[in-house]
Structure formats: structure tokens, C-alpha cells
1. Might you check whether a residue that is within 15 Å of residue 51 (Cα to Cα) and under 21 Å from the mean Cα position of the chain (by Cα) occurs anywhere in region 86-96?
2. Return only the number of the condition from (1) under 25 Å from residue 169 (Cβ atoms); (2) surrounded by 16 or more Cβ atoms within 10 Å (Cβ to Cβ); (3) in contact with a strand residue (DSSP E or B) (Cβ under 8 Å, 6 or more places away or on another chain) that residue 99 does not satisfy.
3. Looking at (1) buried (at least 19 other Cβ atoms within 10 Å of the Cβ); (2) in a loop (DSSP other than H, G, I, E, B); (3) at pLDDT 95 or above, which one does residue 171 not meet, given that it meets all the others?
4. So, residue 33, is that one within 28 Å of residue 188 (Cα to Cα) and either surrounded by fewer than 19 Cβ atoms within 10 Å (Cβ to Cβ) or free of Cβ contacts under 8 Å to residues at least 24 places away in the same chain (or both) or not?
5. For region 324-353, enumerate the residues that are on the phi > 0 side of the Ramachandran plot and either touching a residue at least 12 places away in the same chain (Cβ under 8 Å) or part of a strand (DSSP E or B) (or both).
6. With respect to residue 234, determine if the residue is modelled with pLDDT under 95, over 13 Å from the mean Cα position of the chain (by Cα) and either assigned to a strand (DSSP E or B) or closer than 26 Å to residue 326 by Cα (or both).
7. Mind listing whichever residues of region 360-376 are over 20 Å from the mean Cα position of the chain (by Cα), at negative phi and touching a residue at least 24 places away in the same chain (Cβ under 8 Å)?
8. Go through (1) in a loop (DSSP other than H, G, I, E, B); (2) in contact with a strand residue (DSSP E or B) (Cβ under 9 Å, 6 or more places away or on another chain); (3) in contact (Cβ under 8 Å) with a residue 12 or more places away in the chain; (4) under 21 Å from residue 381 (Cα atoms) for residue 356 and report which single condition fails.
């Protein structure tokens, strides 16, 4: 079976003149043939960098895509580094965890972030400046060779080889280095077209960061292996701009987090999503008001999917003709999912809530340099997601939240996600909320809420909550945090929220 970069070459040979990337950061379009030539040029430069692992600190766009391709063509492994928050700290952490030195980045990115470079950074601007006419002509000539020759001129190995190192979000604990093989990502890439009709005529809104598995697989490897076009923009948070591009470039496929979809809903105009055939939300629970908002404003069903970094990422998804509101869909082809009792590990039947376990080629090869955590998470091929859910009688999976987002209050289990859902429905549209727990010496924990602003009647909200939730689940206090910390993926940074809330509690005591 072909490795990922060989699949790209296959697409480039099949659709040489098709636009591969509409890169809105550089305002340039790249055909598949141009992408192939550029990746072959980069291959030569990256081949001179010592070491097995190459750090990549680049925003979503053609530069990041070409760097990944050039790295894999050399048989090296790209280590995708988060640039959105704490970029330099993330570089240092990645180096220590993966034991490498060189990081490919951009001077423009560092300038924009207001950061000084650190040692062993290699700049794409310097690589491009060093490309000679001879190198361009050589790459152009090589790119004309037949596919069966070209695929063997680049690195070719087994699909069990690692294709990327990604880091878990760190929203709950220290990030782990996830090793995803070609087999893992190909499992997702091959499954999608068998569920959803996708081909070279589609246009993907490739707006998610590529250090996030959702962005890497669904916004890059999926379109590039079928020969589709990608509209790239480095900032998914610029909601109005993204909506304009979705409309102007006639995007047909968009995947994003619920937080991003909510932003696009608020800033979009009727007609902006007229060409979108598939809209999939993942990484978090999709609020009803966002789902209903798209139906009303754009006559578009935002489908839910579910996955993890460790599963490349998609485990299950809804898709047209196979959709049950409230569920995250059925497991994708060649994927096994089962539900286990939280306490006994007994396999549960339909509609019974428990731990979600997954088996299949989508499951990671393991955490790099962390045998203990790998063996804790993967047993007999089954990956323990750390999530809670159930499978109904029709085979649809319902995700109920992270096990870590269930808390014991007075001996009873309370779902913080469920409290958030009820609270979100009651709060004004412009108020973002997050529910966390804080220690209580007698009850074990208290449920508290953090809100992005205080422009609402707290007593009125609490009164309504009491009708829907047991008393132990009602937030005991509301804390106003003007900017609720978010991860680059659009998820709430729960570690930071908890820290802020606990600091506020401590200040009250002092």
C-alpha cells in the first residue's frame, strides 16, 4: 500500500492542472503540478537536515503542507508544534520529548507573534532564497516522470512507519506525543469517501491548524489524496473573512469545532454557505442553538463527528443519509467501538452509559517515549478514549463527555458537560460559559461556572436550572472571566479556567 506522500504524488499526476491550494496567506494559487515541483525542491533541502525528527512550526497554508511532504519524502518524521499559544515553550517541550533539534518555521510567523528565534530554527524564507534555477529545472524534469517511477524515487516504506508526531491538547494534563503512522491516517482517509461522496471537484475549507489532528487529516490528507482543492487561511478566528472565502470560492466541505461554527454563524450572511454540501463539527459537543441556527439561517445541517488525537482522529461521524440528531454518528468503516462499565469493565448493551473503547487501524502506534501511558491506554488493541458514551439500539454513538469531566459531588456522579449544555441554552447568545469543579472538603467537589461576561440575571438563570438539574449539579458560584482561555483548536482550556477560578477563590479567602 502507498504511503501518504506517495498518494499525494498520485493525485498530482492525475490532476496536474487542478488547483490544489488557494493560499490566502500568500494570495497565490498552487496547482497540483506546482505543488509536486515545490515538494521535490523542499525534499532536497530537508534531506540535508540531520536527524530523524523535524519540528514544524508553520501556520495553515501551502508552506506547512509542502514542508510535511518534503519531510516524508526523505523518510523523516514531522513533529507538528502548536504556534497559537506559547510557541517557544512548545518548541522546547517538543524537542525534549522527541529528542530532536531542527525546527522549520517562518520569520513572518515569529514577527507576527512577537517572538525571537531560538537555536536550530530553519526558516522557509532562507530555504526559498537558496533555491537555484538549476534546482527548479531539475525538480520540474523529475516531476514529469511517470508515477510508477516517481513513487520509488522518494522514500518508500511500510505503512506502519510513523507519518507525524502530534501532541494532545494539554487542556487537562501535560501534552503527550502521539505517534500516528501512515496506516492510522490512511484508515480515516480511505473511510470518508466510502461514506460521503467526495472527489476532485470538491473544495475544502482548510482552516484548522495542522498541529491539530482534525486539521492535519481532514483538512489536508483527505483532500490531497482525492485530488480536491483546498482553501487555506491561517486564522479560523477571523469569522467574517472565513465566511467571505467560503462564499467566494464555493466551498463544498467544511470541518470545524463548535466554537468556530458558532463564530461563523454570528458573522455570516444568508448565502455564504450556499455551496456547502458537508459541514462537520468535531472536538466538542455541538450546542443545539448552533445546529438550529444553521438550519434557520443557511438551511444547512451541521453534522457531528467524534474522534481523538490518538485515533487519527475520526471514530464516528454522521453524514447525509445517516444522521441522528444528538448523536455523533455510527463508527466509520472497519472500526470497532464498545462501551464498558466504568467500575467493572463489563461490556454493556444498547443505551447503557460507560467508557468508550475503540479498535482498528485508526488507533495510534503509541505515545513516544511513554510505554507506561501507552500500555495504560491500549490493551489488546483496544484504545480507552477516556470518554463516556452509549450506543443505541440502531448503532449510533452518543458522546456524553470526558470521564475527567464527570465529578463526584456528595457521592453522586455529575456531568459537567450536561450542566454546560443546560446553562448555554439559558444564557444570552453572546455569553460563553464553561463549567468546572473545585474541591470541597465535605462533599468532595462543588460545581462552579465561569462566564465570559456578567451581562445576565444570575438568579433568574439559577431558578430555571433548578427545574432541569438536581441540586448537586447546580453551579454554586459564577465567576466572570472576560476572556475564557481557549485552545487553538477551539476547545476550552479547562486547566487554565480551573486555575483562574481557584485563584479567584483564594483571593476571596485572603
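1. Yes - at least one qualifying residue is present in region 86-96.
2. Just one mismatch for residue 99, condition (2).
3. (3)
4. The answer is yes for residue 33.
5. Correct list: 326, 329, 334, 351.
6. Criteria not met by residue 234.
7. Result: 370, 373.
8. Result: residue 356 fails condition (1) only.
The values are calculated or read from the model by the stated rules, or taken from the named source; none is laboratory data. Keep in mind that this is a model prediction, so the values were computed, not measured. All Cβ positions, even for glycine, are placed from backbone atoms using ideal geometry, and neighbour counts span all protein chains on display.
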